[in-house]
Amino acid sequence: MTATTDLPTSPPAAPPPLGGVGFARWCWRQLTSMRVALILLFLLAIAAIPGSVLPQRGTDPIRVNEWIEGNPTWGPLLDRLGFFDVYAAPWFAAVYLLLFVSVIGCVVPRTAHHWRALRAAPPAAPKRLDRMPEHRRWESSEPAEVVLDRAYDDLRSRRWRVSRGDGWVSGEKGYWRETGNLLFHASLIALLIAVGYGALFGWRGNVIVREGNGFADTLTQYDAWGGGRLADPAALPPFAFVLDDFRVDFERGEAQRGAPRLFEAELTLWPTPDAPAEPALVRVNEPLAIDGAKVFLVGHGYAPQLRLTDALGRVVHDEGVVFLPQDGNLTSTGVLKAPDATPSIGIEGLFLPTAAVDDVRGPHSTFPEADDPAVFLSAWAGDLGLDSGIPQSIYRLDTEGMTQLGIEALRPGETWALPGGNGTVEFVGLTRWASFQIAHDPGKEPALIASVIALAGLMMSLFIQRRRVWVRASDAGSPTTVVEVAGLARSDEADLAPVVQEVVDGIRAGSAGPGPHEGSGKP
Amino acid sequence: MTSASLAEWSNLAVYSSMLVLIAALISFAVSFAARGQRVMSPERVPVGAGAPVSAQSPDNPPQSAVPGRRAGNVAMALTWLATGMLLLGLVLRGLWAGRVPWGNMYEFSLAWTLGILAVFLVVSMRRDIRWLGLPVVFLALLSLGLAVTVLYTEAAQLVPALKSWWLVIHVASAIICGGAFTVAAAISSLYLWRDRAERRGKVTGIVATLPDATRLDTLAYRILAFAFPLWTFAVISGAIWAENAWGRYWGWDPKETWAFITWVIYAGYLHARSTAGWRGRRAAYISLLGFVSFLINYFGVNIFVNSLHSYAGL
């Protein structure tokens, strides 16, 4: 009888079109594939680079504006595309959100699969054990069942999961590897959620406090305050403190001269309005923790006390003026505005803790400690522009529409009579100021826990090896029992031989016979 | 011992370590050249101390007669000696400054070199990796040379933000990772070279003294599998410290950003090894890319970018 086959006369038909659902499914399969995960990882790395090269609004808004002004073609374009706030930009968010969707889409099915594998018994032994990468074979005088029983018990005692069948024993170990892997990826998702939660509900504020002055934790007393969309400024913890003393020490030796060595702020703290006052100390690396908020010491400077008497003889200003440091030696600039003086006076000042003047640089400070303080003042009279409706910085003086009265340098205790009979300025003395950052981030503990669990899962997924081992024993048709042991590594493992040898030794312990013939079955 | 002489002894130890490393470099080169000369024709089995013993072939001579083996032994011994002297130099530097010896770029570079040599020597205790000696010692000399010429600075106290015992943990783990990344990058480069020779079928000369490509790939993987969790830990401990010192645990500071980029790239490496079509050459390229990112993280940010992390001391 002959069978005829029809040779195809036309090329095979094209597969049917996918359709909408099919296409969506294809997209999903692609998104959750390892290859796309790799591509997204690289995109994430590349997307993070501009944020480290260009100035960012979050950390240094002044430099951002300078950069945009200095690059009239690229500056505004990059700004529109979000390059000056990269980590909040939509395209950056798109990359990591896609990556997380990919992770979730991969982790959920794998968890289900792993759950089933955890409940299943190890698979049956293959027929041809000599094809396995590690293979041992020997002959034993004991019956097959005895050998298999011993193999079963020995593997059990070494914490393998074992199953038994007709003439074979099968063992598997290392399920924690996949558990660790899934735990790691799930923790990354938890980390993202924690970071997002902190960003939504957290807040952060900065305030400059002069020695002798205080701060109460309400919105109006902050110099700058920002929070997430769901942060509630009415729910700030109600503590208050007074800055009693700020101590700072600078290096006077040759190496790194002028570098700071000690920062300490001594506070008197009221944890709640009814509580009694208590002393507190805040240092760099040692913040003060109150009621979910943390108070960090971030900066410091000098506040020369200037007493301004106007043309009518009234004292219109008599306290410290905060001067902001411009360099490492604390050359500082500040502005005093007296709108209630007659006439209105504005004074720009340059404060030098250790004053020196040279021809090239002009007045500058040579050491950050107040060894020889001097303040260089430039006085202006006229309209300060405070009624124009446009907000002004308290550290900058807009001299348009003002006339300059003169320039003078003052040492502590000296007085300057302003030209034109417009009053006097006295440099009374020197105080310091410290700047504090007060922050609340409800997501930081969950983020820490998530990252620690991620690290543990990562180590499990890299260091635990997943292995299978099989033992076959048959005594049918021969006077001796032929015993075979083979092993297979299910993960990247170079050295399976010791593991298999250990199993062999466990089985052969207590029985005698010719040594096993070892080899590698792979051609 | 007065502090001035501590400083002198520290510098002396570092310079001596460099001299010994040069001698080790020469010995490794001699060992390479001697073994490379034996292999005149394409070989199926790599000859040399790195090959597995089980590959028996009639013309494989007994191990003691392999030329270059004595030079290789001498080179390894010299490397041990140089590492010990570098460790001594670092310890003396720490004693001189009265603190942990990694507070500025000079000390970071010394510690990083120590990390490279330490990773190399630890792996050499489990496996014979003489073939790796030449590139590793060369890289160690390069970084030491950079340290003592361009980056040298007197030991001074730390700025207040660094006075925390997190300095020990965070920076130490980052430095050990740096050493591991460097060694893995050297192995990946050798892998690419060997893999190209194998695919062309012409395994001759120096390339034949290297182990086969699979083993190179596996060794690089194992080193990176050790380094990646440690790098993750370095980033986490850095975040914990940042929260204490700067008020937030992650602020996308350039150093933080580049540490993150390095982490992502090495995560990509680990993924690539489990992805069909990405094992082998592409994974090796990713490993090299990760190393470049680490160098930017270490040198680039400290020197070129103004960030909260600029403790270069330059």
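No value in this document is a laboratory result; all are computed from the given coordinates. Here the structure is a predicted model, which is why all the values come from computation and not from measurement. As a convention, Cβ positions derive from the backbone with ideal geometry for all residues, glycine included, and neighbour counts pool all protein chains shown.
Values computed for the structure shown
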read-out	value
Length released on extending from A:Leu386 to A:Asn213, taking residue separation times 0.36 nm less the Cα-Cα span	59.8 nm
For the range A:342-417 versus the range A:122-166, the gap between their alpha-carbon centres in whole angstrom	90 Å
Length gained when the stretch A:Lys127-A:Tyr395 is fully extended (0.36 nm per residue, less Cα-Cα span)	88.0 nm
Cα-based convex hull, the range A:425-477, per residue volume (Å³, whole number)	130 Å³
Whole-Å semi-axes of the range A:304-383's equivalent ellipsoid (Cα gyration tensor)	27, 13, 10
Cut-off 15 Å between beta-carbons: net charge of the residues surrounding A:Leu336, Lys and Arg +1, Asp and Glu -1	-4
Rg ratio (alpha-carbon, reference 2.2 N^0.38 Å) - the range B:82-191	1.10
Per-residue [θ]222 nm for the protein assembly as shown (sum of -39500 (n - 2.57) over DSSP H runs n ≥ 4, rounded to 500)	-14500 deg cm²/dmol
Unit charges on C-beta of K, R, D, E only; dipole of the range A:289-364, Debye	100 debye
Within straight-line cross-link reach of A:Lys127, aspartates and glutamates at Cα separation under 14 Å, skipping those fewer than 8 residues along the same chain	A:Asp166, A:Glu484
The range A:271-281 - phi-based ³J(HN,Hα) in whole Hz, Karplus 6.51/-1.76/1.60, Gly and Pro as x	x, 9, x, 8, 6, x, 6, 9, x, 8, 10
Rounded to whole Hz, the Karplus (6.51, -1.76, 1.60) HN-Hα couplings of the range A:336-348, x for glycine and proline	10, 10, 10, x, 8, 6, 10, x, 5, 10, x, 10, 9
Amide H contacts under 5 Å for A:Arg261, placed H, 5+ residues apart	A:Asp249, A:Phe250, A:Glu251
Pairwise label distance in nanometres, A:Ser157 with B:Arg70, each label 7 Å out on the Cα-Cβ vector	5.1 nm
Surrounding net charge for B:Ile223, when Lys and Arg each add one and Asp and Glu each subtract one, Cβ distance under 12 Å	+2
Per-residue average of Cβ from other chains inside 10 Å of A:455-461	4
Given charges at beta-carbon only (K, R positive; D, E negative), |dipole| of the protein assembly as shown in Debye	5220 debye
Average beta carbon contacts from partner chains per residue of B:230-236, 10 Å cutoff	3
Convex hull per residue volume in Å³, alpha carbons only, for the range A:9-158	310 Å³
Ordering of B:99-109, A:400-410 by packing [mean C-beta count within 10 Å, highest first]	B:99-109, A:400-410
Burial order of peptide ranges A:228-235, A:329-336, A:265-272, A:62-69 (average beta-carbon count within 10 Å, highest first)	A:329-336, A:265-272, A:62-69, A:228-235
Mean-position separation - Cα centroids, the range A:17-64 and the range A:208-285, in angstrom	40 Å
Charge dipole of the range A:200-284 about the Cα centre (unit charges at C-beta), most positive-ward option of A:Ala280, A:Leu230, A:Phe215	A:Leu230
Cα principal axis extents for the range B:188-260, largest first, Å	59, 20, 16
Dipole-positive endmost among A:Leu192, B:Trp231, B:Phe32 within the protein assembly as shown (Cβ charges, Cα centre)	B:Phe32
For the range A:181-330, convex hull volume per residue from C-alpha positions, Å³	208 Å³
Measure of compaction for chain A (Cα Rg per 2.2 N^0.38 Å)	1.61
Farthest toward positive dipole pole in the range A:1-124 [+1 Lys/Arg, -1 Asp/Glu at C-beta], among A:Gly75, A:Pro12, A:Ala47	A:Pro12
Other-chain or far-sequence residues with amide H under 5 Å of A:Gly423's (modelled H)	A:Leu418
Axial C-alpha extent at least 24 Å, average Kyte-Doolittle at least 0.0 - helices from chain A (DSSP)	A:90-119, A:176-201, A:444-463
Cβ neighbours within 10 Å from other chains - mean over A:196-204	1
Loop trypsin sites (Lys or Arg not before Pro), the range B:230-280 (other Cβ atoms within 10 Å of the site Cβ: 11 or fewer; DSSP)	none
From phi via Karplus (6.51, -1.76, 1.60), per-residue ³J(HN,Hα) for the range A:368-384 in Hz, x at Gly/Pro	x, 7, 7, 7, 8, x, 8, 10, 9, 10, 10, 9, 10, 10, x, 8, 6
Amide H partners (placed H, <5 Å) of A:Phe367, local residues excluded	A:Thr354
Contact order normalised by residue count of chain A, Cα under 8 Å, 6+ apart, percent	20 percent
